[in-house]
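The values are calculated or read from the model by the stated rules, or taken from the named source; none is laboratory data. Keep in mind that this is a model prediction, so the values were computed, not measured. With ideal geometry, Cβ positions are generated from the backbone for all residues, glycine too; neighbour counts draw on all protein chains shown. Surface accessibility is based on the protein's heavy atoms, side chains included, excluding ligands, DNA and RNA. Shrake-Rupley method; radii C 1.70, N 1.55, O 1.52, S 1.80 Å.
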Amino acid sequence: MFVELHILQNFAPSNLNRDDTGAPKDCEFGGYRRARISSQCLKRAVRTAFRAEHLLPEENLAARTKRVIDELAKRLGERGKSEEEAGPILEALLKGVGLSVDNAGRTQYLLFLGEAEIAAVADLCLKNWDTLKPLAGEGAASNDEQDSPRARGSARSVKKAGKDAVPRDIAEALRKMLNGGKAADLALFGRMLADLPENNVDAASQVAHALSTNKVSVEFDFYTAVDDLKPEDTAGADMLGTVEFNSACFYRYANVDVSQLERNLQGDKELARDTLSAFLRASVAAVPTGKQNSMAAQNPPSLVFAVVREAGLWSLANAFVKPVYPSQDADLVQRSIKELDACWGKLAMMYGEKGILGKWVASTEREGLLQLAGSRVGNIDQLVDSVLETAAAGATGAGVAR
């Protein structure tokens with residue numbers, strides 16, 4: 001069973017998600033240049049909203065970091081161990097399962113670890129402190145060695161030495177601890193551990209890049225700054241530059257595989273329900289942070305459309321293959337709502353709505369809905385409650401109108 005989320009969100013002039021040159025991200029769609037917000041940016045905003053909006057308890061959240069050794073050392077320090085000693089010991093422990101650590105004590109790549117996993121690793125290290133302590137510093141390689149012509153062979157031998165040094169039972173215990181730890185965001189967005197593929201987590205959600213419903217062009221803000229303390233008889237600005245920005249109405253699409261979410265959360269149906277609720281609310285509340293201090297584009301969605309279905313996912317991005325333009329009697333948001341509604345009607349007519357267990361629309365606009373007019377609800381709370389109730393009923397196969 002799947003839950004789909006369709007959002008229309010019109011942003012004032014902003015630069016929410018920048019490319020490598022500092023310009024707002026964009027792309028070509030339908031033969032026209034469109035504004036874009038990457039899926040990674042949106043997922044980061046959702047994860048941030050989980051904490052900022054207190055949608056899920058800390059013990060059911062994860063951290064993505066290269067600095068897990070620093071975090072673990074701090075926790076061990078709070079439990080009476082020396083942080084200076086803890087760092088090399090933790091490094092040896094991680095190397096025991098093939099995770100490389102550089103000279104700065106950071107892992108080779110970002111690790112996405114649940115709070116419960118981090119706590120369990122700290123417990124394991126504390127329990128086996130005396131066994132691991134003699135191994136601290138073994139199998140280390142300098143940066144010069146790693147950058148040498150024989151770096152690949154050297155890295156493999158170093159990694160093997162690190163794995164062989166740690167007792168097998170401790171390494172196996174660590175592998176078993178890296179099970180996701182019932183972290184909701186990890187369950188939703190998944191993770192890949194290149195050195196521990198058996199501990200990978202398949203994402204329960206898919207998040208599309210947000211695309212503007214309208215054609216856009218980049219504009220430039222020329223700015224100046226004046227030194228407040230310069231002499232009054234000195235003219236001119238002391239700093240000047242340009243910032244690129246745009247303004248667009250974005251179509252956002254995401255879905256959640258409810259069954260996969262439950263599997264990732266080790267069969268905890270109540271936590272899966274809470275996670276789904278948090279995902280829906282965070283998706284509505286999440287706004288990327290790029291250039292917000294200078295542009296304050298704090299614009300909530302104008303339309304949120306949710307669907308619960310057994311199969312057959314539908315993105316409605318093709319509603320906007322032809323860019324939307326405001327007209328004399330309807331603005332950009334109203335025209336975008338009308339096109340989304342019409343696209344749903346076309347898909348429903350061609351493919352039918354068999355397997356769709358429910359659909360709900362919350363919108364700030366009174367007009368524009370024809371195909372989905374009967375699915376309107378009063379607010380986001382009603383939409384979320386309806387999704388959760390229908391998803392729960394669909395999971396049990398009871399009480400759902402087909």
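If 247, 217, 283 are ordered by their accessible area, calculated over protein heavy atoms with a 1.4 Å probe, which sequence runs from highest to lowest?
My answer, sorted largest first, is 217, 247, 283.
As an exercise, find the ratio Rg/Rh for region 285-400 from alpha-carbon atoms, using the Kirkwood inverse-distance average for Rh.
Ratio of gyration radius to Kirkwood radius: 1.01.
Running a GNM on the chain with Cα contacts under 10 Å, which residue among 268, 238, 329 ends up with the highest mean-square fluctuation?
Among 268, 238, 329, the largest GNM mean-square fluctuation belongs to 238.
Which residue, 95, 127, 182, tops the fluctuation ranking in a GNM of the chain built on C-alpha contacts under 10 Å?
Ranking 95, 127, 182 by mean-square fluctuation puts 127 first.
Gap in Å between the Cα centre of region 181-246 and the Cα centre of region 349-390?
First find each Cα centre; the distance between them is then 31 Å.
Take the chain, connect every pair of alpha-carbon atoms lying under 10 Å apart with a spring to form a Gaussian network, then pick out the residue of 90, 135, 369 with the largest mean-square fluctuation.
135
Apply the a/c threshold of 1.5 to the C-alpha gyration tensor of region 265-327 and tell me whether it is rounded, prolate or oblate.
The shape class here is oblate.
Over the heavy atoms of residue 216, what accessible area does a 1.4 Å probe trace out, to the nearest 10 Å²?
Its accessible surface works out to 20 Å², give or take rounding.
With +1 on the Cβ of every Lys and Arg and -1 on the Cβ of every Asp and Glu, and nothing else charged, how large is the dipole of the chain about its Cα centre, in debye rounded to the nearest 20?
1320
Only helical DSSP H runs with n ≥ 4 go in: add -39500 (n - 2.57) per run for the chain, normalise by residue count and round the 222 nm mean residue ellipticity to 500 deg cm²/dmol. Don't skip to the answer; put the middle values down first.
Values: 14 runs with 155 residues, N = 402.
My calculation for the chain gives -11500 deg cm²/dmol from helical runs alone.
Give the residue list of chymotrypsin sites (Phe, Trp or Tyr not before Pro) in region 269-362 that are DSSP loop and have at most 14 other beta-carbon atoms within 10 angstrom.
Passing sites in region 269-362 do not exist.
Got a number for the accessible area of residue 389? Probe 1.4 Å, square angstrom, nearest 10.
Around 130 Å² of this residue is reachable by solvent.
Treating only the Cβ atoms of Lys and Arg (+1) and Asp and Glu (-1) as charged, compute the dipole magnitude of region 212-293 about its Cα centre; round to the nearest 20 debye.
That gives a dipole near 720 debye.
Does the chain classify as rounded, prolate or oblate by the C-alpha gyration tensor (a ≥ b ≥ c root eigenvalues; a/c under 1.5 gives rounded; else a/b over b/c gives prolate, otherwise oblate)?
Oblate, since a/c reaches 1.5 and b/c is not below a/b.
Given charges of +1 on the Cβ of Lys and Arg and -1 on the Cβ of Asp and Glu, with all other atoms neutral, how large is the dipole of region 259-402 about its Cα centre, in debye to the nearest 20?
My answer is approximately 320 debye.
Which residue, chosen from 225, 177, 187, occupies the Cα position most advanced towards the positive end of the dipole of region 173-227, where the dipole is computed from +1 (Lys, Arg) and -1 (Asp, Glu) charges on Cβ about the Cα centre?
Farthest towards the positive pole: 177.
Could you tell me how many degrees, from 0 to 90 and to the nearest 10, lie between the Cα long axis of helix 332-351 and the main elongation axis, the longest principal axis, of the Cα atoms of the chain?
Its long axis makes an angle of about 80 degrees.
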